[in-house]
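Beneath this line is the structure, given in structure tokens, with notes to follow.
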Amino acid sequence: MEIIGLTGGIASGKSTVANYLRQEGMTVIDADLIARQVVEPGQEGLEKLVEAFGSQILTKEKELNRKYLGRMLFSDSLARYTVNDILHPLIRQEMIRQIGQAEQSGLKQVFLDIPLLFEAGYQEMCHEILLVYIPQSLQAQRLKERDHLTDVEVKDRIASQMSIEDKLPMATVVIDNSQSISHTQEQVHKWLIEKNYRQ
Ligand SMILES: CC(C)(COP(=O)(O)OP(=O)(O)OC[C@H]1O[C@@H](n2cnc3c(N)ncnc32)[C@H](O)[C@@H]1O)[C@@H](O)C(=O)NCCC(=O)NCCS
Ligand SMILES: Nc1ncnc2c1ncn2[C@@H]1O[C@H](COP(=O)(O)OP(=O)(O)OP(=O)(O)O)[C@@H](O)[C@H]1O
């Protein structure tokens, strides 16, 4: 089974491409979704975060306060390293379990949608790496509009990841998402046909 990593920068369009891949019948394993599952109430991830940061990271309903954790993680690199140390091994374990499941079900290829593919060292397990690219100025604009952030918050979030320019040379396929969504989909469609993934 071929493993294809799908990555980019924050708000570069990974989910937009992942949705299209699913529409085309592909199986996509979603690291952001797994990251949510490992911090559900009762899960080890949430317990360890509370041990590290205290119960102020919880809402009244005892769920993870994602807004609070996000503000802390994106503005404080030490807090970010701590969160990554706690959650990334749990996320990786579940990703590997789902890859095994995909293989057992006889799939020819599986996509891994991972924002931190390079930062967390997933490249070794990928046969191909598809990078959803937009220039940083457009990335900042789309991020600001989507999440209603201030300029400082946008800057911090982009700076919390490896820059998209540094990711470019490590990709095996680059999808330009700076124009219309249909332009992006056309590139993905063409690549799927070239790879013989879609008959
Ligand atoms: C900080 C959190 C609570 C924000 O939650 P929220 O619902 O607002 O956003 P969401 O989960 O959809 O993430 C949005 C984007 O933020 C970026 N991002 C998330 N975590 C990180 C991180 N640790 N470092 C850098 N960028 C990150 C990614 O591009 C991601 O796609 C959440 O992202 C989280 O728990 N992050 C830690 C786990 C992690 O590293 N996830 C990335 C998957 S490998
Ligand atoms: N080609 C496009 N033209 C205009 N807007 C777009 C295009 N592609 C994506 N967007 C918008 O840009 C924003 C970011 O896209 P998306 O959520 O797919 O990015 P992402 O890489 O998955 O983000 P994150 O890293 O935060 O998970 C969204 O508001 C989306 O609707």
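Carbon-plus-sulfur fraction of the accessible area of segment 43-140, 1.4 Å probe, in percent?
Summing carbon and sulfur atoms, their accessible area is 50 percent of the total for segment 43-140.
Can you give the FRET efficiency for M1 and K60, using 1/(1 + (r/R0)^6), R0 = 41 Å, r = Cβ-Cβ distance, to the nearest 0.05?
Step by step, r from the Cβ atoms, then E = 0.40.
Accessible area per residue of segment 32-79 at 1.4 Å probe, in Å²?
In whole numbers, segment 32-79 has 66 Å² accessible per residue.
Give, as a single signed number, the net charge of other residues whose beta carbon lies under 10 Å from the beta carbon of D147, with Lys and Arg counted +1 and Asp and Glu -1.
+2
With a Förster radius of 30 Å, plug the Cβ-Cβ distance of H183 and V152 into 1/(1 + (r/R0)^6) and report the FRET value to the nearest 0.05.
0.45
For the chain, what is the relative contact order in percent, using Cα pairs closer than 8 Å and at least 6 residues apart in sequence?
RCO, the chain: 37 percent.
Could you tell me the accessible area of M170 in Å² (1.4 Å probe, neighbours in place), rounded to the nearest ten?
80 Å²
Pick from H148, H183, H88: which residue has the top mean-square fluctuation in a GNM of the chain where Cα pairs under 10 Å get a spring?
Maximum among the listed residues: H148.
Counting alpha carbon pairs within less than 8 Å and at least 6 residues apart, what relative contact order, in whole percent, applies to segment 6-95?
The normalised contact order for segment 6-95 reaches 26 percent.
Can you list the equivalent-ellipsoid semi-axes of segment 105-148, largest first and in whole Å, using the square root of 5 times each Cα gyration tensor eigenvalue?
They are 28, 13, 10 Å, listed largest first.
Using Cα positions and a limit of under 20 Å, work out the lysines in reach of K48, with same-chain residues fewer than 8 apart set aside.
Partners within reach: K60, K62, K67.
Helix-only estimate, please: 222 nm mean residue ellipticity of the chain, summing -39500 (n - 2.57) across DSSP H runs of length 4 or more and dividing by its residues, to the nearest 500.
-16000 deg cm²/dmol
Select from the chain the helices, each a whole stretch of DSSP H, whose alpha-carbon atoms run 27 Å or more along the helix axis and whose Kyte-Doolittle mean is at least -1.0; answer none if there are none.
Helix filter hits for the chain: 77-104.
The values are calculated or read from the model by the stated rules, or taken from the named source; none is laboratory data. On a predicted model such as this, the values are computed, not experimentally measured, just so you know. Positions of Cβ are generated from backbone atoms using ideal geometry, with glycine treated the same way; all protein chains shown enter the neighbour counts. Areas reflect the complete protein model, heavy atoms only, side chains present, ligands, DNA and RNA absent. Shrake-Rupley method; radii C 1.70, N 1.55, O 1.52, S 1.80 Å.
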